[in-house]
Amino acid sequence: MATYFPRPGSYTGEDVVEISGHGSPVLLQQIVTAAMGAGARLAEPGEFTFRAFLNGRIDLIQAEAVGDLINAVTPLQARVAFDQLEGTVTMLISEIDATV
């Protein structure tokens, strides 16, 4: 199944097509091979979040929070990272900045 996410509403702020298949490793490899044969390439680690940052969809604190959430090993670490991803820290900084 292919799902189209048009810009500017996608995670990255760019046009994105997501291809989903059943969990068969053989089928998934064939999908990747066919896509790469048509000119696609594998994304680098963190590339979608980097593109989201470059396109102004998220700020630097939120971009770093994505990595923190991925690497969280405790529920508290995940909660803190998720709060940062939602923009909690950014909002607090903006409030402080507005009073200065």
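Conditions (1) touching a strand residue (DSSP E or B) at 6+ places or on another chain (Cβ under 7 Å); (2) not aliphatic (A, V, I, L, M), marked per residue:
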position	(1), (2)
19	yes, no
24	no, yes
37	no, yes
43	no, no
58	no, no
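Please work out which residue is least open to solvent (accessible area, probe 1.4 Å), limiting yourself to region 78-91 and to residues that are more than 10 Å from residue 61 (Cβ to Cβ) and assigned to a helix (DSSP H, G or I).
81
Answer yes or no as to whether residue 70 is more than 18 Å from residue 89 (Cβ to Cβ), open to solvent by 50 Å² or more (accessible area, probe 1.4 Å) and β-branched (Val, Ile, Thr).
Spelling it out, it is not the case that residue 70 is more than 18 Å from residue 89 (Cβ to Cβ), open to solvent by 50 Å² or more (accessible area, probe 1.4 Å) and β-branched (Val, Ile, Thr).
Which of the residues spanning region 5-22 are open to solvent by 50 Å² or more (accessible area, probe 1.4 Å), out of contact with any Pro (no Cβ under 9 Å at 6 or more places or on another chain) and closer than 21 Å to residue 54 by Cβ?
Once the filter is applied, which keeps residues that are open to solvent by 50 Å² or more (accessible area, probe 1.4 Å), out of contact with any Pro (no Cβ under 9 Å at 6 or more places or on another chain) and closer than 21 Å to residue 54 by Cβ, region 5-22 yields 5, 6, 7, 8, 9, 11, 17, 18.
So residue 1 fits all but one of (1) in contact with a Gly (Cβ under 8 Å, 6 or more places away or on another chain); (2) surrounded by 10 or more Cβ atoms within 10 Å (Cβ to Cβ); what number is the exception?
For residue 1, the exception is condition (2).
Go through region 79-100 and report how many residues are among the aliphatic types (A, V, I, L, M) and closer than 23 Å to residue 44 by Cα.
2
Which of the residues belonging to region 23-39 are modelled with pLDDT of 95 or more, in a loop (DSSP other than H, G, I, E, B) and open to solvent by less than 70 Å² (accessible area, probe 1.4 Å)?
39
The values are calculated or read from the model by the stated rules, or taken from the named source; none is laboratory data. Since this is a predicted model, take the numbers as computed values, not measurements. Here Cβ is always computed from backbone atoms with ideal geometry, including for glycine, and neighbour counts include all displayed protein chains. To get the accessible areas, we keep the full protein, side chains included, count just its heavy atoms, and leave off ligands, DNA and RNA. Shrake-Rupley method; radii C 1.70, N 1.55, O 1.52, S 1.80 Å.
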